[in-house]
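These notes are about the structure you will find just below.
The values are calculated or read from the model by the stated rules, or taken from the named source; none is laboratory data. Computed from a predicted model, the values in this text were never measured in an experiment. A quick note on method: Cβ atoms are made from the backbone with ideal geometry, for glycine too, and the neighbour counts reach across all protein chains shown. We work out accessible area using only protein heavy atoms, side chains counted, and drop any ligands, DNA or RNA first. Shrake-Rupley method; radii C 1.70, N 1.55, O 1.52, S 1.80 Å.
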Amino acid sequence: MNFLPVSPARAARHGPAGCLPPPRCGAGVDRRRLIAGLFALAAGSASAALPAGSRAPDFTAQAALAGRAFTFTLSKALAQGPVVLYFYPKAFTSGCTVEAQQFAEASERFKALGATVVGMSGDDIGTLQKFSVEACRSKFAVAADAGGKVMKAYDARLMMLPDTADRVSFAIAPDGRILHVHENLAADGHVEQMLAAVERWKAAQKR
């Protein structure tokens, strides 16, 4: 059973959505609150993600699409159009699976805007090859952040667990400028926020 802790501040704002397993039969609300509080305290504070307007750090990482491994480089993807880079804590946990499915369902809308979607976590490439099919539905790539170097560069990691990403999404313009950032442990809202950011960028190019 996997537990994904959250920072105290974000636990207070968002709750432990997608980060704690459901309680066993017979467990009460007080037990769930106690567990959530303990893991929130254990996590420590998470640093704030890179803000909009910053330059997105370039990176190269192993990634998987439709079960096949390949090398993903951000600058190469940006040469084709905007990129939505979203960090998530761990493949096959409830919240991360829901989020991946939501991005998969919106994949055609991102494609119509000329945007590339890539997810990133500290999972190994073997796990992500499976996740890219089962949760991402072979619609977009997920990359492996070995050692947490990329999430560190984007300030998108949990401080007490440096190899574990927070749930943070970035919309990045082709020139490498971060257009919009959405931080929220809840899976809902990330797709909508990223679509809106890319749509605004697209509209601005027509002026």
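Quick notes on this one:
- Candidate set from segment 115-143 (those that are aliphatic (A, V, I, L, M) and under 13 Å from the mean Cα position of the chain (by Cα)); member that is surrounded by the fewest Cβ atoms within 10 Å (Cβ to Cβ): V118
- Of residues in segment 92-114 being hydroxyl-bearing (S, T, Y) and under 17 Å from T164 (Cα atoms), the one surrounded by the fewest Cβ atoms within 10 Å (Cβ to Cβ): S94
- Residue, farthest from D166 (Cα to Cα), within segment 61-78, restricted to residues that are within 17 Å of the chain's Cα centre (by Cα) and open to solvent by 60 Å² or more (accessible area, probe 1.4 Å): L65
- Output for segment 183-207, where each listed residue is over 14 Å from A115 (Cα atoms), among the small types (G, A, S) and not in a loop (DSSP other than H, G, I, E, B): A204
- Candidate set from segment 144-182 (those that are outside any loop (DSSP other than H, G, I, E, B) and farther than 24 Å from A64 by Cβ); member that is least open to solvent (accessible area, probe 1.4 Å): I178
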